[in-house]
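Student: Got a structure here, written out as structure tokens. Questions coming.
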Amino acid sequence: MTKINGHIGTIFLQIALSMLFIVGGIWTLQSGNGDEISQAIKYIFSGDVSKILCIVFGIIEIIAGVFLFLRLFLNIGTLFDSVLMIIILISWIAAIVIIDFLGYDSLFKNLNGGFLGFLNRFSKHLLVLGAIIRVKNI
């Protein structure tokens, strides 16, 4: 039995998360500015540390996206599934901290959009976190 038989809302969340992570990972691995996480990492760190962290986060994002997509159709072992979902959850929490509290446009820097801009970005990141938690529990 595959997980495709789950609740339609959860399926849409899982598909959206999969696309979000795959695209984010590709952008992070591309040269240039990449996505929010790579921009925040480049703001906090410099040189080789910045490059290595961007590669690590990019790879994690792509693996997470592919895993979430495959998880729709394949019944993955319970322990393996749980470990990967916890890694995805922890990685996203780390991304929230890096982007929203330490990055170039964080709560404490507020360069673009002021406090409302921060709340807008932070609320979107919390929505993704909630989706990860919901999808994790199926």
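Student: At 0.36 nm per residue, and after removing the present C-alpha to C-alpha distance, how many nm does the segment from ASN75 to ILE93 gain when stretched out fully?
Tutor: 3.9 nm
Student: Can you pull the one-decimal nm distance between simple spin-label points at PHE122 and VAL56, each 7 Å off the Cα toward Cβ?
Tutor: 2.6
Student: Next question, about the same structure. Would you please calculate the Kirkwood hydrodynamic radius of the stretch 48-111 over all C-alpha pairs and express it in Å, rounded to one decimal? Intermediate results must be reported in sequence, preceding the final value.
Tutor: Numbers: mean 1/r = 0.0748 Å⁻¹.
After inverting the pairwise mean of 1/r, the radius is 13.4 Å.
Student: Where the accessible area of the chain is counted over protein heavy atoms with a 1.4 Å probe, how much of it, in %, is carbon and sulfur?
Tutor: In the chain, the share of accessible area belonging to carbon and sulfur is 74 percent.
Student: Sort all Cα-Cα distances of the stretch 1-134 into consecutive 5 angstrom bins from zero, then give the percent of pairs in each bin up to the one containing the longest distance.
Tutor: Spelled out per bin, shortest first, that is 2, 11, 18, 22, 18, 14, 8, 5, 2, 0.
Student: Further question on the same structure: Between ASN137 and VAL66, what is the label-point separation in nm under the 7 Å Cα-to-beta-carbon projection?
Tutor: In this crude spin-label approximation the distance works out to 3.0 nm.
Student: To make sure I understand the rule: partners must be aspartates and glutamates, Cα under 13 Å from the Cα of LYS136, and not fewer than 8 residues away in the same chain. Which ones qualify?
Tutor: Within the straight-line cut-off, LYS136 pairs with ASP81.
Student: So what is the calculated 222 nm ellipticity per residue for the chain, using -39500 (n - 2.57) for each DSSP H run with n of 4 or more, over all residues, to the nearest 500 deg cm²/dmol?
Tutor: That comes out to -25000 deg cm²/dmol.
Student: Now, a different point. LYS109: which aspartates and glutamates have alpha carbons under 18 Å from its alpha carbon, excluding same-chain residues fewer than 8 sequence positions away?
Tutor: Counting by Cα, and skipping residues close in sequence, LYS109 has these aspartates and glutamates nearby: GLU36, ASP100.
Student: For LEU129 paired with ALA16, estimate the spin-label separation in nm (one decimal), with each label point 7 Å from Cα along the Cα-to-Cβ line.
Tutor: Each label point is offset 7 Å from its Cα along the Cβ direction, giving 1.7 nm.
Student: Round to the nearest 10 and give me the degree value, 0 to 90, for the angle of helix 78-96's Cα axis relative to the longest principal axis of the chain.
Tutor: Result, in degrees: 20.
Student: If you don't mind, there's one more thing I want to ask. What's the angle, to the nearest 10 degrees (0 to 90), between helix 8-29's Cα axis and the longest principal axis of the chain?
Tutor: Taking Cα atoms only, the helix is inclined about 40 degrees.
Student: Please state the relative contact order of the stretch 1-111 as a whole percent: Cα pairs under 8 Å, 6+ residues apart?
Tutor: Relative contact order for the stretch 1-111 comes out at 35 percent.
Student: Shifting gears a bit: Within 11 Å, Cβ to Cβ, of ILE26, how many net charges do the neighbouring residues add up to if Lys/Arg are +1 and Asp/Glu are -1?
Tutor: In short, -2.
Student: Apply 1/(1 + (r/R0)^6) to the Cβ-Cβ distance of PHE108 and ILE86, taking R0 = 41 Å, and write down the FRET efficiency to the nearest 0.05.
Tutor: Values: r = 28 Å, r/R0 = 0.69.
That gives a FRET efficiency of 0.90.
The values are calculated or read from the model by the stated rules, or taken from the named source; none is laboratory data. Computed from a predicted structure; not experimentally measured. Ideal geometry is used to build each Cβ from the backbone, glycine not excepted, and the neighbour counts take in all protein chains shown. For accessibility, only protein heavy atoms count, side chains too; no ligands or nucleic acids. Shrake-Rupley method; radii C 1.70, N 1.55, O 1.52, S 1.80 Å.
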